[in-house]
Structure formats: C-alpha cells, structure tokens
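Student: Okay, handing you the structure first.
The values are calculated or read from the model by the stated rules, or taken from the named source; none is laboratory data. This structure is a prediction, so every number in the text was calculated from the model and none was measured. When we count neighbours, we look across all protein chains shown, and the Cβ atoms used for this are built from the backbone with ideal geometry, even at glycine.
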Amino acid sequence: MKIGLVGEAPNDTKSIQNLLSRKYPDLQFVELLSRIDGTMLDNRKAIQQIRREFELNQPDVVIFIRDLDSLENDKVKKKERQVTFTRSNRMVNKTGIPLLNIYELETLILADINVFNKEYNCEVEQYKDPMNVWEPKEVLAEASRKSPKPFIVTHTPKLFGLLNFDMLNQNCRYFSAFIKKFNKAIG
C-alpha cells in the first residue's frame, strides 16, 4: 500500500514518514509536492499540483499534514484548515486524512520529551497536555539553547525517527484521533 504525504516539505513530511514507517514497515511512503511551506498549501495552484502528483504516484491514501498555528479552541483557524483540506481532498479522490497539528508538528516532540532531553542534554519535564503549549518550536529551541547543538526545525525528521509511537498515541489527543482514522483507511 502506498501512502502519499502532503505538508511542509521536507521537514514535516519526512518527520511523519520517519515516525510512521517504524510502526507500519509494510507501507510505502511518497512525498507529494516537494519544497513547499504551509502558506503555499493554501494556494489554488499548489492544490492543482496535488492532483498531478496524485495521478503520477497513485497513492492509496494521502495524509495532509498541517499546523494549526494556534491552540485547539481556535475555531476560525480550524475552519480555514478544514476548507483547505476539503478542497485538497477532492484532488485526491477523497482518499485524504488530515493530520492537523495543534499548535504545530513539534507538539509531538513534547509528547515524548524524553527523546528530546536525551538528544539535547536537557531536563524538560513531561507536559500533562502538550496540545496546550503555545509555540512548541520556540519552547524546544529555548530549552536547548545551552546545548552544544541547539534544536532547529531541520532536526525534526531525525527526532521523529526516535520518538516512541505508543507514547505519542497516549499523550497527544490529536495524534491518537489521527491514528484511528489512519488505521481505518489502511484496513
């Protein structure tokens, strides 16, 4: 089975591929739309390009990875992301599943903070609810600023290859909801 990945490339798409490929080793992951950022994903031209990439690669399921860039109670932002997902999902014959990161992708690192602490020699405490953390990327950068190699977003794919899938599923509600939909989609 082939899984298409649409999102900020390459950081977000590669990160999710590194995480999911360990849990689902029999799936083949393919990035649709390379070298793209979040705002470009709202562009009609990019959405049309998704159709071409979909036809070329023929994935069975497409994961649309987006950051909400806000906390989960922001109904306006959620509506904006839903409108874009609906438009994009039509381009892939409605085979899409949204992975809407609350606040942003780095929230998942906070859900398994032990990996981050080990990699950056930090002592960040486990968050009770990482979805309530405002700007997780900045939190991680600040926590590691005294590390010999402080955190930057290009490190995200490597970290996602180390994260504990079950811990993320347990500690992050939006990820757990996504995994339920994903499991259903892949049968």
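Student: Limited to segment 43-77, what total is found for residues that are over 20 Å from ILE3 (Cα atoms) and in contact with an Asp or Glu (Cβ under 8 Å, 6 or more places away or on another chain)? Full working, then the answer.
Tutor: Within segment 43-77, the first condition is being over 20 Å from ILE3 (Cα atoms), and the residues that meet it are 43-45, 68-77.
Now narrow it down to the ones that are in contact with an Asp or Glu (Cβ under 8 Å, 6 or more places away or on another chain): 68-69, 77.
Total meeting the criteria: 3.
Student: Another question, if that's okay. Say whether the condition of being closer than 14 Å to VAL30 by Cα and crowded, with 17+ Cβ neighbours inside 10 Å is met by at least one residue in segment 65-79.
Tutor: Of the residues in segment 65-79, the ones closer than 14 Å to VAL30 by Cα are 65.
Going one step further and asking which of them are crowded, with 17+ Cβ neighbours inside 10 Å, we end up with 65.
Checked segment 65-79: at least one residue is closer than 14 Å to VAL30 by Cα and crowded, with 17+ Cβ neighbours inside 10 Å.
Student: Could you figure out which of (1) outside the structural domain of ASP37 (by TED's automatic domain parsing); (2) modelled with pLDDT under 95 isn't true of THR84?
Tutor: Condition not satisfied by THR84: (1).
Student: Which pairs turn up if I take residues in segment 91-106 that are modelled with pLDDT of 95 or more and look for partners that are in a strand (DSSP E or B) and among the β-branched types (Val, Ile, Thr) with beta carbon separation below 7 Å, at least 6 apart in sequence or on another chain?
Tutor: Hits for this filter: VAL92/VAL62; THR95/VAL61; THR95/VAL62; GLY96/VAL62; ILE97/VAL61; ILE97/ILE63; LEU99/ILE63; LEU99/ILE65.
Student: Next question, about the same structure. How do the pairs read when you match residues in segment 127-141 that are of a type in the set (Val, Ile, Thr) with residues anywhere that are in a loop (DSSP other than H, G, I, E, B) and surrounded by 14 or more Cβ atoms within 10 Å (Cβ to Cβ), using Cβ under 7 Å and keeping only pairs 6 or more apart or on different chains?
Tutor: Taking only residues 6 or more apart or on different chains, the pairs are VAL133/TYR103; VAL133/TYR127; VAL139/VAL133.
Student: Take the residues of segment 1-26 that are assigned to a helix (DSSP H, G or I) and basic (Lys, Arg): which is nearest to the chain's Cα centre (by Cα)? Walk me through how you get there before you give the answer.
Tutor: To start, the set of residues in segment 1-26 that are assigned to a helix (DSSP H, G or I) comprises 11-23.
Pick out the ones that are also basic (Lys, Arg) and you get 14, 22-23.
Numbers: LYS14: 9, ARG22: 15, LYS23: 15 Å.
The qualifying residue nearest to the chain's Cα centre (by Cα) is LYS14.
Student: Moving on to the next point. List pairs: first in segment 143-168 and under 16 Å from ILE113 (Cβ atoms) and in the same structural domain as PRO10 (by TED's automatic domain parsing), second among the acidic types (Asp, Glu) and not in a helix (DSSP H, G or I), Cβ under 6 Å, 6+ apart or cross-chain?
Tutor: LEU163/ASP112; ASN164/ASP112; MET167/ASP112; LEU168/ASP112
Student: Here's another thing I want to ask about it. If I filter segment 112-126 for residues that are touching a Phe, Trp or Tyr at 6+ places or on another chain (Cβ under 6 Å), among the hydrophobic types (A, V, I, L, M, F, W, C), buried (at least 17 other Cβ atoms within 10 Å of the Cβ) and part of a helix (DSSP H, G or I), do I get at least one hit?
Tutor: no
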